[in-house]
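Worksheet: the structure to be examined is printed underneath.
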Amino acid sequence: MPYDIGRRIAIYGNSGSGKTTLGRALGERLGIPFIELDAIVHYRPNWEDRTDEDFRVQVQAALDASPEGWICDGNYGAVRDLILPQADTAIWLRLPFHVVYWRLASRTIWRSLLGAPLWNGNHESLRQTFFSKDSMLLWGITAWRRTRRRTAQALASIPHHANVIVLRTPREARELLATASRAR
């Protein structure tokens, strides 16, 4: 089934669900700039994050810099009310826990082992991954229900005109990517 998804796309989902991968690939397919919220919020090394006020200013500037359209991924409540009302389409990657957690664990462990750079000089370490309260492995478990609940609440309560597409399997995500086109 082909998807007409518009030119302003918000992508939501738990950490490890594939938001960034899908967002980048959709951006390439449709010729639309991709805005990665993690890259904006984690703006300095050692995981120094922006204040909510500065984050909002920077996100709005990124949206404004792409008047012909954008694809934005992330679950940040501080900016959801900026993004969702402007979106033509909201894609919710609502994949099963075992799929998402496997992806999250695999990616986090590999990044830690390789010392792979992430955003603005940040990286995940083995210490952080296995021995920290800030571990993504722990976050993937403790934030699971909360993230799904908040996404559902936002989609139901923040005024928007976005067409909401809920993808429940990796196959559905691949099909969306293969058949997506910009709505006229």
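If Lys and Arg each add +1 and Asp and Glu each add -1, what is the summed charge of the other residues whose beta carbon sits under 14 Å from the beta carbon of residue 105? The answer is +2.
Over the chain, the pair-distance histogram of Cα-Cα distances with 10 Å bins from zero comes to 9, 36, 38, 15, 1 percent, rounded to whole numbers. Between helix 19-30 and the chain, what is the angle of the helix's C-alpha long axis to the longest principal axis, kept within 0 to 90° and rounded to the nearest 10? Helix 19-30 sits at roughly 40 degrees to that axis. How would the range 56-141 be classified by its alpha-carbon gyration tensor: rounded, prolate or oblate, with rounded meaning a/c under 1.5 and the a/b versus b/c comparison settling the rest? Verdict is prolate for the range 56-141. Charged neighbours of residue 47, selected by a Cβ distance under 12 Å, balance to -3 (K, R count +1; D, E count -1). Highest mobility in the GNM of the chain, judged by mean-square fluctuation with C-alpha springs under 10 Å and restricted to 73, 52, 88, is found for 52.
Taking every Cα-Cα distance in the range 1-99 and sorting them into 10 Å bins from zero, the calculated P(r) comes out as 16, 49, 30, 5, 0 percent. Entry for the range 11-66 at q = 0.15, 0.22, 0.31 Å⁻¹: log10 I(q)/I(0) = -0.51, -0.97, -1.16, Debye formula applied to identical alpha-carbon scatterers, no solvent contribution. Taking one quarter of the surface of the C-alpha convex hull of the range 122-171 gives a mean projected area of 5.7 nm². Electrostatic tally near residue 24: other residues with Cβ closer than 9 Å to its Cβ, Lys and Arg +1, Asp and Glu -1, net -3. I'd like the antiparallel share, as a percent to the nearest 5, of DSSP beta bridges with both residues in the chain. Expressed as a percentage, antiparallel bridges in the chain total about 15.
Measure nothing but the geometry: give the 0 to 90° angle between the long axis through the Cα atoms of 52-64 and the longest principal axis through the Cα atoms of the chain, rounded to 10°. On a 0 to 90 degree scale, this one is about 40.
Over every pair of different alpha-carbon atoms in the range 102-144, take the mean of 1/r and invert it; report that Kirkwood radius in Å. Kirkwood hydrodynamic radius for the range 102-144: 10.4 Å.
Where a number appears in this text, it was derived from the coordinates with a stated rule and is not lab data. As the structure is a prediction and not an experimental result, all values here were calculated from the model. Using ideal geometry, Cβ is built from the backbone for each residue, glycine included, and neighbour counts are taken over all protein chains shown.
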